[in-house]
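Chemist: Following this message is one structure expressed as C-alpha cells.
The values are calculated or read from the model by the stated rules, or taken from the named source; none is laboratory data. For clarity, every value in this text was computed on a predicted model and none was experimentally measured. Positions of Cβ are generated from backbone atoms using ideal geometry, with glycine treated the same way; all protein chains shown enter the neighbour counts. Surface areas here come from the heavy atoms of the whole protein model, side chains and all, with no ligands, DNA or RNA. Shrake-Rupley method; radii C 1.70, N 1.55, O 1.52, S 1.80 Å.
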Amino acid sequence: MLRTSLLYRFYKLMSKRPTILVTNDDGIHSPGLKALAEALQETGEVYVVAPDRERSAAGHSLTLHKPLRAAEIASGWYAVSGTPTDCVTLGVMGMLKEKPQLLVSGINLGANLGDDITYSGTVSAAVEGTLLGIPSFAISAVDPMRHDLNIAGIFATRLARVVLEKHLPQDTLLNVNVPAGKVTGVAVTRQGKRSYNEVIVEKIDPRGKTYYWIGGGEPTWELVGGSDYEAVMEGKISITPLHLDLTNYAATQVLKDWEALLG
Ligand code: MN
C-alpha cells in the first residue's frame, strides 16, 4: 500500500503540471484575480494576463486599431493595455510558451447572470479561450461586498481539476456564479432572464453640456425554473454550460417561410 502511494506520488511529481491561463475584466489589481491565481497555483503553473485597468462590460471586444502594451509586473503576471479578449489572444499567441490546458476568468466582483453575460468581459474571455480550443470557465462572486473570495477560489480549484480530468463538451464553456454566505450546493443551470429597467441619468456638466449615465435601476428577474438566478438565490453555486453556436434552431424552422418571401 505504502509502496503504491509512494509510486503514485513520484509519478505525480514527475508528470508535468498543467499550464493555466488566468484573466479577468476587473483589472490586474483586483482582489478577485489575486484570490483566483493563488488558489489555482496548487493545480498548475499559473500565468496571469489581465487588463491593466477595469474593463467590466467590455464584452467580447478586440483591439485592432491601436497597439497593445504588456508589462510583466511580477513573475508570470502581465498587465495589458487592452480588453479581456485581447489578454487571452496575447497570452495564448504571445506570452505563454505553450498552449494552456485551461483558462479561468475571474473572480469577477459581481454576478454574471442571465442576459447580462452578453456584456460581460469575464465571460467573453472564456468565450475567446473556447474559440482557441482551450477548456475555459468564468467565475463570479454574486455579492462581492459580503463575499469571502476564498470560497470561490477553492471552488475554482475543484472545478479546474474536474475540467482538466474530464474535459468539456465541444465548443462549450462554463459560466459559474458563487453566492455569498453559506453555500448550500451546486446546480447545473440554464441562463436566466432579466427584465430591463435601466435608468438613464441625464445631467449637465460644469461646461453646460448634457451628459448621460447608464444604470442605477435595480435589476428584476423573471422566475425561470432551473435558472442561474434561481440557483444563487437558493444559495447554490450555479454552473451554466454555454455554447458558442448562437443559432436559435427553433427560429430557423419558423423563419423557413421567409426564404420564399424574400427570395
Ligand atoms: Mn467585472
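Chemist: Regarding the stretch 71-81, can at least one residue be identified that is assigned to a loop (DSSP other than H, G, I, E, B), within 16 Å of the ligand (Cβ to nearest atom) and surrounded by 18 or more Cβ atoms within 10 Å (Cβ to Cβ)?
Modeler: No: the stretch 71-81 contains no residue that is assigned to a loop (DSSP other than H, G, I, E, B), within 16 Å of the ligand (Cβ to nearest atom) and surrounded by 18 or more Cβ atoms within 10 Å (Cβ to Cβ).
Chemist: Of the residues H29, H65, which is assigned to a loop (DSSP other than H, G, I, E, B), out of contact with any helix residue (DSSP H, G or I) (no Cβ under 8 Å at 6 or more places or on another chain), open to solvent by 90 Å² or more (accessible area, probe 1.4 Å) and within 14 Å of the ligand (Cβ to nearest atom)?
Modeler: H29
Chemist: Next up: Is one or more of the residues making up the stretch 36-56 within 16 Å of the ligand (Cβ to nearest atom), closer than 25 Å to N177 by Cβ, more than 14 Å from the chain's Cα centre (by Cα) and surrounded by fewer than 20 Cβ atoms within 10 Å (Cβ to Cβ)?
Modeler: yes
Chemist: Could you identify the single residue in R161, R194 that is closer than 29 Å to N150 by Cβ and touching a Pro at 6+ places or on another chain (Cβ under 6 Å)?
Modeler: R194
Chemist: Sticking with this one: Take the residues of the stretch 230-251 that are more than 16 Å from the chain's Cα centre (by Cα) and open to solvent by less than 60 Å² (accessible area, probe 1.4 Å): which is farthest from T130 (Cα to Cα)?
Modeler: This residue is G235.
Per-residue answers, yes or no, for (1) open to solvent by less than 40 Å² (accessible area, probe 1.4 Å); (2) within 16 Å of the ligand (Cβ to nearest atom); (3) assigned to a helix (DSSP H, G or I):
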site	(1), (2), (3)
N108	yes, yes, no
I117	yes, yes, yes
E128	yes, yes, yes
G153	yes, no, yes
V163	yes, no, yes
Q170	no, no, no
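Chemist: Please go through the stretch 136-146 and give me each residue that is within 15 Å of N24 (Cβ to Cβ) and outside any helix (DSSP H, G or I), ordered by number.
Modeler: Looking only at the stretch 136-146, we keep the residues that are within 15 Å of N24 (Cβ to Cβ), and these are 136-141, 144.
Those that are within 15 Å of N24 (Cβ to Cβ) and outside any helix (DSSP H, G or I): S136, F137, A138, I139, S140, A141.
Chemist: Taking L113, is it within 15 Å of the ligand (Cβ to nearest atom), under 12 Å from N24 (Cβ atoms) and touching a residue at least 60 places away in the same chain (Cβ under 8 Å)?
Modeler: Considered against the rule, which asks whether it is within 15 Å of the ligand (Cβ to nearest atom), under 12 Å from N24 (Cβ atoms) and touching a residue at least 60 places away in the same chain (Cβ under 8 Å), L113 comes out as no.
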